[in-house]
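Visitor: This structure is in structure tokens; I'll ask about it shortly.
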Amino acid sequence: MLHSIHHTAIICSDYAVSKRFYTEILGLEILHETYRAERDSYKLDLALNGHYVIELFSFPNPPPRSSRPEAVGLRHIAFAVDDLDRVVAHLNQHGVEAEPIRVDEFTGKRFTFIADPDDLPVEFYER
């Protein structure tokens with residue numbers, strides 16, 4: 001019945017800051033950017049390796065959402081990476097602090113989390 005996840009939608013509080021974070025720091029590609037005047041809102045479609053993955057929205061005065069710790073709802077977005085140490089070093093160079101690297105007790109794989117500009121958790125999981 002289901003084929004794959006199509007995209008993840010994220011509402012940000014500061015469009016310029018989040019756009020820079022997801023494109024310049026994480027390196028996602030811009031597929032399409034639309035300003036919707038009737039909503040005073042941007043919609044930015046972002047891709048990873050040519051695949052549409054994130055729909056970034058801005059809205060005037062969005063209400064805050066609890067994201068930590070363990071709030072009900074979607075937990076986080078996770079990106080598969082080949083070299084976790086290289087990713088953490090890249091993030092640090094851009095002023096983004098990662099949590100200490102942990103090991104998944106079930107898979108033995110290494111992973112870490114960062115916070116996006118709105119403190120939403122973003123995971124990097126080593127393949």
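The values are calculated or read from the model by the stated rules, or taken from the named source; none is laboratory data. Quick caveat, the model's predicted, so the values are computed rather than measured. Reconstructed Cβ throughout: ideal geometry from the backbone, glycine too, with neighbour counts over all protein chains shown.
Visitor: Would it be correct to say that Phe113 is touching a Lys or Arg at 6+ places or on another chain (Cβ under 7 Å) and part of a strand (DSSP E or B)?
Guide: Against the criterion (touching a Lys or Arg at 6+ places or on another chain (Cβ under 7 Å) and part of a strand (DSSP E or B)), Phe113 does not qualify.
Visitor: Considering each of Tyr42, Tyr22 in turn, give the residue that is in contact with a helix residue (DSSP H, G or I) (Cβ under 6 Å, 6 or more places away or on another chain), of a type outside the set (Val, Ile, Thr) and not assigned by TED's automatic domain parsing to the domain that holds Ile101.
Guide: The unique qualifying residue is Tyr42.
Visitor: When Arg65 is evaluated against the numbered criteria (1) on the phi > 0 side of the Ramachandran plot; (2) modelled with pLDDT under 95, which criterion, by number, is the only one it fails?
Guide: In the conditions (1) on the phi > 0 side of the Ramachandran plot; (2) modelled with pLDDT under 95, Arg65 misses (1) alone.
Visitor: Specify which of the listed residues (Ala80, Ala71) is of a type in the set (A, V, I, L, M), part of a loop (DSSP other than H, G, I, E, B) and loosely packed, with under 14 Cβ neighbours inside 10 Å.
Guide: Going through Ala80, Ala71 in turn, just one is of a type in the set (A, V, I, L, M), part of a loop (DSSP other than H, G, I, E, B) and loosely packed, with under 14 Cβ neighbours inside 10 Å: Ala71.
Visitor: May I pose another question? Which one is nearest to Gln93 (Cα to Cα), of the residues in the stretch 21-59 that are out of contact with any strand residue (DSSP E or B) (no Cβ under 7 Å at 6 or more places or on another chain) and surrounded by 14 or more Cβ atoms within 10 Å (Cβ to Cβ)?
Guide: Ile25
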